[in-house]
Amino acid sequence: MDWQAVQLTLQLAAATTTILAFVGLPLAYWLAMSRARGRFLVEAIVALPLVLPPTVLGFYLLTAMGPHSPGGRFYQSLTGSLLPFSFPGLLVGSVLYNLPFAVRPFMAAFATMDRRLIEASWCLGESPLRTFFRVTLPICRPGILAGLVLTFAHTIGEFGVVLMIGGNIPGVTRTLSIAIYDDVQALNYASAAQTSWVLLGFSFAALLVVQFLGRRGSGV
Amino acid sequence: MTSELIVDFEKRYPGGATIAATLRQPADRFSLTVLFGPSGCGKTTVLRALAGLERPERGTITFAGETWLDSESNVNRSPQSRDVGFLFQDYALFPHRTVAANVGFGLRTMSGEDRSRRVTELLTSFELAGLEHRYPHELSGGQRQRTALARALARRPRLLLLDEPLSALDAGLREQLRGRLRRQLAEFGVPTVVVTHDRVEAIALADQVVVMQQGRVLQAGSVEQIFSHPRDLATARIVGVETVVPGEIIAVRDGLAEVRVGGATLTAVAPDVAVRSVYVCLKGEDVVVQRAATAGSSVRNQLPAVVRALSPEGPLVRVALDCGFELTALVTRPACEELQLQPGDRVTALFKAPAIHLIPKE
């Protein structure tokens, strides 16, 4: 077991999940509640990673973050380094690729919520923001937790985007699924099997949690 | 400045439907306006616009001199700043909060001590004491209704808006609560607007009735004005009862009540609750007009009457009678011709005791 890879993978998953909680919740809320015309386009863009091959997303990100692109040069002038083959670069790719896994369950939770509960809170003097924290968030909690668990689990197992953007630098960008790939390439089947078992068990546990949350969400 | 709620607006929906409403109501004391009409007539939209949950495209809403909506100057106060209490049709209680937390939801800015005192006070007056730690799904329909009402009144709103407050309850409970609701609301002294499609509810609750149909106000006035003197056929059809007059029960014997109405005494089936003041409701088709009194009839109520006016309505004629109070009969055109009815004629009006519907008035 490559403990450095375990640590790195957990770091990446935790960071991705945290960022998506902050970015995904407002985005999902807007998508669920808004009647704006551009909504469907945004929704499609958010869902794109579900069907897009991860290598394609990785390729575009790699070029967008590279030294020849304006974005890449801007980042370099700020930090003195480049995004590709670094942990921050990996994180950007991971956040984008996991967007639908967070936003879609959030959206489903917001959309099934009774709008009148929000209106009731407004009539009781609470601002839209306070209403979000006192009413919407607690009521949608099962759906939101499910989205976070899915995102975390999905990041743990992500391979394509990670390989394209991060490459395979131990301690920097080498995650668990890359480690498995490496082990297999090196014919180190025992190690690959061990890591695979851990990931299988983890994924199964995550799905059980999501299902449990789903049942509780519909029960109340 | 007049202390009144003055409403005059138009809300257009993309499909082409337009809801237009005009309304006036005292704003400084308890008084209850009922928005009455068939479902889909736009009455809930009016209520939501009063709360600030819908934004009408044109018009004004002022409350005690304060502008809540003015499309000309682009004023539209948020629901938060209007200080209204809103009771949603199926109550919209917060499912993740207990009864006490629901009632105290709008009291966040109060100190903890003041808040719990106010919540206890409300729980007591709405007979919810002992249920404060229950969740909404653990409550009966009536308890839910009272919790929602307590929540809406907790912040001492300046205007109370109730959307079909009793329709989510079963029939027996609805009957019981109807009379109590008005009494409760009067205690709090908050001007109230109630939406209902239930005629009995409208009569039992209202000081003022506003009849709506297809997004328009047909008529506004007192219960008696609206029900006994509908301005046009459309209103008459909606209200569906031709005579609604106040009366007093003077005696009850064997389940039958003697009711004093104007100069006359009627026999009716006594209501379940012990009350004195009632509205006497009678449909025009249940009233028989005869030239002379009949002996040996099962009909309990036979009143000498004078024909005041005759107005044809399609195949029917609406006969306005004076028999100590105003009574309306609907007779067919041939029957009217046969009797050769003329204004000023002396006739007898007959109707059976079960045809009278007594609605308790607190």
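For this structure, a couple of remarks:
- Counting only the Cα atoms, region B:159-226 fills a convex hull of 95 Å³ per residue.
- Computed with a 1.4 Å probe over protein heavy atoms only, the accessible surface of the protein assembly as shown comes to 47 Å² per residue.
- Partner lysines whose Cα lies under 26 Å from the Cα of residue B:283, excluding those fewer than 8 positions away in the same chain, are identified as B:43, B:352, B:361.
- B:132, B:326, reordered so the largest accessible area comes first (probe 1.4 Å): B:326, B:132
- Across region B:219-362, the relative contact order, built from alpha-carbon pairs under 8 Å that are at least six residues apart, equals 27 percent.
- Of B:74, B:301, B:102, the residue with the greatest mean-square motion in the GNM of chain B, using alpha carbon springs below 10 Å, is B:74.
- Calculated Rg and Dmax of chain B using C-alpha coordinates, Å: 23.2, 77
- Expressed as a whole percent, the accessible surface of the protein assembly as shown that belongs to carbon and sulfur atoms is 57, based on a 1.4 Å probe.
- Around residue B:214: net Lys/Arg minus Asp/Glu count, Cβ-Cβ under 15 Å: +3
- Across region B:165-314, the volume of the C-alpha convex hull divided among the residues equals 160 Å³ per residue.
- A Förster radius of 22 Å combined with the Cβ-Cβ distance from residue A:198 to residue A:172 puts the calculated FRET efficiency at roughly 0.55.
- Our Cα-only numbers for the protein assembly as shown put the radius of gyration and Dmax at 34.2, 115 Å.
- Spatial extent of region B:1-153: Rg and Dmax, with the Cα atoms as the point set, Å: 17.7, 51
- Kirkwood-type radius of region B:243-360, with distances r between different C-alpha atoms, in Å: 14.6 Å
- DSSP H segments from chain A that extend 30 Å or more along their own axis, Cα-based, with Kyte-Doolittle mean of 0.0 or above: A:3-33, A:87-112, A:189-219
- Averaging 1/r over every pair of different alpha carbons in region B:21-99 and inverting the result gives a Kirkwood radius of 14.3 Å.
- The alpha carbon radius of gyration of region A:143-220, expressed as a multiple of 2.2 N^0.38 Å, is 1.33.
- Look at where the Cα atoms of region B:323-362 and of region B:2-33 average out, and the two centres are 36 Å apart.
- Members of region B:101-138 that become less accessible by 50 Å² or more once partner protein chains are added (1.4 angstrom probe, chain alone as reference): B:105, B:108
- Residue A:52 versus residue B:207: modelled label distance in nm, points set 7 Å from Cα along the beta carbon direction: 6.3 nm
- Length gained when the stretch residue A:74-residue A:207 is fully extended (0.36 nm per residue, less Cα-Cα span): 43.9 nm
- Angle between chain B longest axis and helix B:141-153 axis [Cα atoms, degrees, rounded to 10]: 60 degrees
- Scattering from region A:30-126 was approximated by placing one identical point on each alpha carbon and applying the Debye formula without solvent; log10 I(q)/I(0) at 0.12, 0.20, 0.23 1/Å stands at -0.58, -0.99, -1.14.
- Taking the longest Cα principal axis of chain B as reference, the axis of helix B:112-125 is set at about 20 degrees.
- GNM flexibility winner over chain A from A:92, A:51, A:161 (Cα, springs under 10 Å): A:51
- Interface burial for B against A (accessible surface, 1.4 Å probe, total of both chains, Å², rounded to 100): 1900 Å²
- Percent breakdown of C-alpha pair distances by 5 Å bin, ordered from the shortest bin, for chain A: 1, 7, 13, 15, 17, 15, 11, 9, 6, 3, 1, 0, 0, 0
- Remark on region B:151-172: accessible area falls by at least 30 square angstrom from chain-alone to full-complex state for B:151, B:155, probe 1.4 angstrom.
- Rounded to the nearest 10 square angstrom, residue B:357 shows an accessible area of 90 square angstrom against a 1.4 Å probe.
- Taking A:45, A:165, A:180 as the candidate residues, the one with maximal mean-square fluctuation in a Gaussian network model of chain A, Cα springs under 10 Å, is A:45.
The values are calculated or read from the model by the stated rules, or taken from the named source; none is laboratory data. Not measured: the values here are computed from a predicted model. Heads up, the Cβs are rebuilt from the backbone with ideal geometry, glycines too, and the neighbour counts pull from every protein chain shown. Remember, those area values only see protein heavy atoms, side chains included, never the ligands or the DNA or RNA. Shrake-Rupley method; radii C 1.70, N 1.55, O 1.52, S 1.80 Å.
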